[in-house]
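Here the structure is laid out as C-alpha cells; the discussion comes afterwards.
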Amino acid sequence: MTDLETQCCIAGGGPAGLMLGYLLARQGVDVVVLEKHADFLRDFRGDTVHPSTLQLFNELGYLDELLTLPHQKTERIKVTVSGQEFSLADFTQLNVPAPYIAMMPQWDLLDFIARKARKLSNFKLLQSTEATGLIENGGRVGGITAIGAGGPVNIRADLCVAADGRNSCLRAASKLPLKDIGAPIDVFWFRLPRQDGNNSESMGTANASGFLVQINRGEYWQCALPFLKGSADHIRLDGLAAFKTRIAAIKPQLTADVAALKSWDDVKLLTVQVNRLTRWYKDGLLCIGDAAHAMSPIGGVGINLAVQDAAAAARILGPVFSRGRPEIRNLKAVQDRRERAARITQAIQITAHKRVLVPALNAGKHLDPPKILKVINRFPQIQGLLARAIGMGLQPEHWQDK
Ligand SMILES: Cc1cc2nc3c(=O)[nH]c(=O)nc-3n(C[C@H](O)[C@H](O)[C@H](O)COP(=O)(O)OP(=O)(O)OC[C@H]3O[C@@H](n4cnc5c(N)ncnc54)[C@H](O)[C@@H]3O)c2cc1C
C-alpha cells in the first residue's frame, strides 16, 4: 500500500481533469492526477477543439505552439439534405484569435496539456492508476483509493475531483443525485479513406437512407452515423454489406471507399447518454466535465464544456487553496458558474434530437429539408449567431494569471 498526500487529487486524465490539474498547478497548488490508462491513445472521444478552447490556449500563451500539432480547420458547418446544401454556422465571423474548429486528435491535445503540466514540480500524473473509491470521514471526502501498477494507492487530499468521465466511478461512490435525461439515438463511429482533393470541410449529409457526419482528419474521414436507439443489433444482424450499402445510399461518392470496412470491429458503437448531476459537489468532492454532465455528440461540444468547467474551477478554487482547503460554498460557486451552460446546451441538443434527427431518421421514402435550414441558409447573420453558440458556448471561460 502506497500513501500519498496532496492538496488536490483529480481522478481522470481527460480534457477536464488534465486541464484542471494544469491550471491549479500553474497557480502553485500541489496536484495529483490519476489516469487509469497508460497513455492517451484512445480513438473514441472526438477531436473538435472549438474557438473558445483555442482562445483559452491563446490566453495561456500556447496557441501558436498548439497549432503546430497536426490539425484540420473547419471554418463552416454545412449540411446537405436530399441533395440541397445548407450553410449552418460560419466561424469566420467570430472575433477570436482562431475563428474555426481545429480538428485535432484528442490524444495530441491531452499529450500537449500533460507536457506543459509535467514541467511544474507541484504536478504529478499517475498513469495506469485507476481510482476505485472515496475515503470518507464523518461525511467528508478526504481522499481517493486507487490501484496502480505497483498495487493499491491511497491519496489523501484537501479536495478530490471526479473528472473520470460519463461512467464516473467516483460519482457513483458519492451518491450525488443524477438526472437521466436520455437520448433517442446512438451512433456508429468509423473511418473511411479520404482522397486528396475531396471537399476539405467536415460536413453532414442526410436523405431518406439516413444521416452521415464526416469529419476531415486529413488522410481519412472520421464518420458518425446516428440511428434510433435500440436498433444497433438489428443493423448488425442485417450484415456489414447492408451497412455499407446504406452509407453509399446516403453519400454515393463513398461507394468505393466503404470497402475499407472489413468487419464490425471497424465500426464502434457510441451509446449516447445525456444526463447531469443536480448537485456537483459534496464536502471535499467536486465533479466536472462528463462526470457532472454527459452531453449528446450534437455540436461536438463535450470536450469544450469539459475544458471550460476546468478553467472556471481552477479560477475559482486556485486562490482558495492558498488560504486553506476549499469549502462547500467554493464548490457550489463552481456549479453556479457552469451549470447553466451545460443545462441549456443539453436542452438545445434534446430539441435537435426531437425536431431534426428523429424525424429525419424516421423519414421513410423521402426527406424534405426542414424549413429552419432554409431560413438559416438565407441569413449569414444567423450563421454567425450559431457559430457563436457552438464555437464559444453559452459561458466561455477566460484565463489571466494573477
Ligand atoms: C465516440 C465519441 C465521439 C465524441 N466526439 C466528440 C467530439 O467530436 N467533440 C466533442 O467535444 N466531444 C466529443 N465526445 C465527447 C467527449 O469525448 C467528452 O465530452 C469529453 O471527452 C469529456 O471530457 P472529460 O475529461 O470530462 O471526460 P473523458 O474524456 O471521458 O475523460 C475521463 C478520463 O478519465 C479516465 N478514467 C475513467 N475512469 C477512471 C478511473 N476510475 N480512474 C482513473 N481514470 C479514470 C478515462 O480513461 C479518461 O481518460 C465524443 C465522445 C465519444 C465517446
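The values are calculated or read from the model by the stated rules, or taken from the named source; none is laboratory data. This one's a predicted model, so the numbers in the text were calculated from it and none came from an experiment. For neighbour counting, all protein chains shown are included, and Cβ atoms are generated from backbone atoms with ideal geometry for every residue, glycine included.
Restricting the range 293-306 to residues that are in contact with a Leu (Cβ under 9 Å, 6 or more places away or on another chain) and more than 8 Å from the ligand (Cβ to nearest atom), which is farthest from ILE10 (Cα to Cα)?
Applying the filter and picking the extreme gives ILE298.
So which of ASP266, ASP257, ASP283 ends up being at negative phi and either of a type in the set (Phe, Trp, Tyr) or surrounded by 20 or more Cβ atoms within 10 Å (Cβ to Cβ) (or both)?
ASP257
Filter the range 161-183 down to the residues that are modelled with pLDDT under 95 and over 19 Å from ASP309 (Cβ atoms), then identify the one that is surrounded by the fewest Cβ atoms within 10 Å (Cβ to Cβ).
By that ranking, first place goes to GLY182.
Taking ASP3 and the conditions (1) surrounded by fewer than 18 Cβ atoms within 10 Å (Cβ to Cβ); (2) within 19 Å of GLY393 (Cα to Cα), which numbered condition does it fall short on, given that it satisfies the others?
(2) is the only condition that ASP3 fails.
Does THR145 satisfy the criteria of being at pLDDT 95 or above, crowded, with 21+ Cβ neighbours inside 10 Å and of a type in the set (Val, Ile, Thr)?
Answer is no for this residue.
Quick one: would you say ASP186 is touching a helix residue (DSSP H, G or I) at 6+ places or on another chain (Cβ under 8 Å), more than 22 Å from VAL32 (Cβ to Cβ) and among the acidic types (Asp, Glu)?
Yes; evaluated as a whole, the condition is true for this residue.
Picking from ASP47, ASP43, which residue would you name as being at pLDDT below 95, closer than 19 Å to SER128 by Cα and of a type outside the set (Ser, Thr, Tyr)?
Just one listed residue meets the conditions, ASP43.
Could you tell me whether LEU24 is among the aliphatic types (A, V, I, L, M), within 13 Å of the ligand (Cβ to nearest atom) and either part of a loop (DSSP other than H, G, I, E, B) or farther than 18 Å from THR145 by Cβ (or both)?
no
Name the single residue that is nearest to the ligand (Cβ to nearest atom) among those in the range 136-154 being among the hydrophobic types (A, V, I, L, M, F, W, C) and touching a residue at least 60 places away in the same chain (Cβ under 8 Å).
Kept after step one, since they are among the hydrophobic types (A, V, I, L, M, F, W, C), are these residues of the range 136-154: 141, 144, 146-147, 149, 153.
Retained after the next criterion (residues that are touching a residue at least 60 places away in the same chain (Cβ under 8 Å)): 141, 144, 146, 153.
Working: VAL141: 15, ILE144: 9, ALA146: 7, VAL153: 11 Å.
Here the residue is ALA146.
Run down LEU54, LEU18 and say which single residue is near the ligand (Cβ under 8 Å from one of its atoms), of a type in the set (A, V, I, L, M) and out of contact with any Asp or Glu (no Cβ under 7 Å at 6 or more places or on another chain).
Result of the check over LEU54, LEU18: LEU18.
Out of all the residues in the range 305-323, is one or more surrounded by fewer than 17 Cβ atoms within 10 Å (Cβ to Cβ) and free of Cβ contacts under 8 Å to residues at least 24 places away in the same chain?
yes
GLN335: closer than 26 Å to VAL213 by Cβ and not aromatic (Phe, Trp, Tyr), yes or no?
No, not satisfied.
Which numbered condition trips up ILE298, out of (1) under 26 Å from LYS73 (Cα atoms); (2) out of contact with any His (no Cβ under 8 Å at 6 or more places or on another chain)?
Failed condition: (2).
Evaluate the range 367-385: report whether one residue or more is closer than 22 Å to ARG340 by Cβ and under 24 Å from the mean Cα position of the chain (by Cα).
Within the range 367-385, one or more residues are closer than 22 Å to ARG340 by Cβ and under 24 Å from the mean Cα position of the chain (by Cα).
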